1. Could you tell me the accessible area of Asp248 in Å² (1.4 Å probe, neighbours in place), rounded to the nearest ten?
2. Within 10 Å, count the other beta carbons around each residue, average over each peptide in 329-340, 414-425, and list them highest first.
3. Checking the table Lys36/Lys66; Lys36/Lys376; Lys36/Lys125; Lys62/Lys232 against a 28 Å threshold on Cα-Cα, which pairs fail?
4. Determine the order of Tyr322, Tyr128, Tyr242, Tyr256 by accessible area, beginning with the largest, at a probe radius of 1.4 Å.
5. Can you check what the net charge comes to around Ala283, using other residues whose Cβ is under 12 Å from the Cβ of Ala283 (Lys, Arg +1; Asp, Glu -1)?
6. In square angstrom, what is the accessible area per residue of the stretch 17-82 with a 1.4 angstrom probe?
7. Got a number for the accessible area of Arg200? Probe 1.4 Å, square angstrom, nearest 10.
8. Could you put Arg114, Arg157 in order of accessible surface area, largest first, with the 1.4 Å probe and the full protein assembly present?
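The values are calculated or read from the model by the stated rules, or taken from the named source; none is laboratory data. This one's a predicted model, so the numbers in the text were calculated from it and none came from an experiment. Backbone-built Cβ (ideal geometry, glycine too); neighbour counts: all protein chains shown. In case anyone asks, the SASA skips ligands and DNA or RNA and just uses the protein heavy atoms, side chains included. Shrake-Rupley method; radii C 1.70, N 1.55, O 1.52, S 1.80 Å.
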Amino acid sequence: MFVSRLALDDFRSWHQLVLDFAPGLNVLFGANGMGKTNIVEAIEVLSTGGSHRANGSVPLVKAGEKTAVIRANVNETAAEVIGAGASSEDGAAGTGTDDSPTETVTYEVSIPVRGANRARINSGKSLYMRDVVGRVPSVTFSPEDQRLVSADPATRRAFLNQSASQLHLDYYETLQRFNQTAKQRSTLLRQLSQQQIAGRPVDAALSGLEIWTGQFIEAGVALTRMRQQVVKQLSEPFSRIYRQLAGDRNRVRLIYAPSFEEVLSIPQALAQETDHDMQVHAAISRHFQRIYPGEVAQGRNLIGPHRDDLIVELNGMPAREYASNGEMWTLALALRMAVFEMLAAERGTTPILILDDVFAQLDDSRRRQIVDFARKQSQVIITMAARGDLPDGLENGDGDAADGSENDVNDAVNLIDVGELAERMEAMFAVPDISQFMTKSGANGDGAAGVAPSSTSRETETGKDADR
């Protein structure tokens, strides 16, 4: 799987953009502020439904515009298309470089300033965002990764949400349902708080709060269990990868700390799962009854998955408090690599690897670790300030893949000067809609999405970048 073409309308700093990528190594270079990170962020949003740089949709839309649009042509094998939940008829049949049948699928995501995000596949019917999240798996390494260990719990919840949305295709829907319920319950709590301050009785409104509390518990328990499963999946590869990076003397552990601790603290009933569910729901309901006065006084939800945390332990101590900066970087690298490994295993395809300006942040040892990792992947997209910043070892495809075969990154490097790209986009587009560049060409004339003729070539400087 690889992204062959990306087109943006009013996304971040880009008014209009069409950019061709190649399998193997793609390098976006240019001065800070040119929009390199915005380009790879668009792929992250398509993959996970969100961005590690933004809490909502508003920052993703170009200032003064109402909607941002992301379109991507993705070359997938037939097995990858069907494995992601799509029919093999959804794409335009082609042939991959390894002579295996491939499909070119066009994904489109519309991000309004107000309202829900929507999606389309091959210009088909309008879909919910949840219908495309996870179909194009990717993992992003960024300068902010150290914050996965050092920052507040919200950063780690965002990491969990992005990882789980790709590992389990029903996670995003569960998260959205919880966030919507949390918003409604929080709104009611604020109304109750205002009534209480004004001296008006709140007893009648409490019945409505009970209804929303029941839905909040149901959605929250489902989300808690899915997060618990994801942390369990990541724990073994995270521990193993960290030992490979830092040495066998170190021991690390991931600990999921849910706000709904009753989900984990109440022993699983041996008789029937429904009995255990009833015990959990009843225990959480009693907890809410104890804190209702405090919630009404503060006008917000005091417990729930929006207060979860993911604790990273290093040698038995909380890494957030005791790890050095270098150890935090290595822990973050191990977390990202563990997600990459799990995605490849669960989805049966190698995720797209995005390295967003990370080499300037790393010392030589960690830079070599990233280079060794990147050399083995099928598509890598790197952003950096200058063309000459490309680390040794990535210019030539002389590594070996993890399975012992010849490495997947091709020898040629697709170099993209983002400054020249911006100038060319400004000169090229005199029309407001760039959807024409995501062509329709099916082998049987069925309107399946195909790839427009490429405007870039390899080895040349092309493209001349919920919680509440």
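1. So the heavy atoms of Asp248 present about 110 Å² to solvent.
2. Going from most to least packed, we get 329-340, 414-425.
3. Listed pairs above 28 Å: Lys36/Lys125; Lys62/Lys232.
4. Most to least solvent-accessible, the answer reads Tyr322, Tyr128, Tyr256, Tyr242.
5. Its environment carries a net charge of -1.
6. 31
7. 130
8. My answer, sorted largest first, is Arg114, Arg157.
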